[in-house]
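Quick notes on the structure that follows.
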Amino acid sequence: EKRHALAKLELAIADMEETRKRKDREFGRLQRNLMELLQEQKFELDRLREKGVELECATATSANAAALTASRAKDNERQSNAMFNKQEELMKFQFMSMGLSYF
């Protein structure tokens, strides 16, 4: 009777040991999968961070280009106004000159 109970206990212990080994293997597999997922996630975050930096640079470049274009437009507007004023002065002078030569 005691041998039968001992054999039964040994069988239960062996079964528990096999279950523990199986769970250890499964735990190791889950750890590897988790590490792979974390590495993929880190790669994606790094890639997104890099794209964010590229986007910031592109935005800064676009803003700089827009400011430069606006500055050039103002310069061109000032030059146009100056040329218009000179042309107006010249026309006034010519009109006065014609008026004086007529009399």
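At the residue level, ARG20 shows approximately 110 square angstrom of accessible surface with a 1.4 angstrom probe and all protein chains present. The fraction of accessible area contributed by carbon and sulfur in the chain is 62 percent, rounded to a whole number (1.4 Å probe; ligands and nucleic acids excluded).
Per residue, the chain exposes an accessible area of 99 Å² to a 1.4 Å probe, with every protein chain left in place. Classify the chain: rounded, prolate or oblate, from the alpha-carbon gyration tensor (a ≥ b ≥ c, eigenvalue square roots; a/c under 1.5 rounded; otherwise prolate if a/b is larger than b/c)? The shape class here is prolate.
The values are calculated or read from the model by the stated rules, or taken from the named source; none is laboratory data. This structure is a prediction, so every number in the text was calculated from the model and none was measured. Quick note on the areas: whole protein, heavy atoms, side chains included, nothing else; ligands and nucleic acids left out. Shrake-Rupley method; radii C 1.70, N 1.55, O 1.52, S 1.80 Å.
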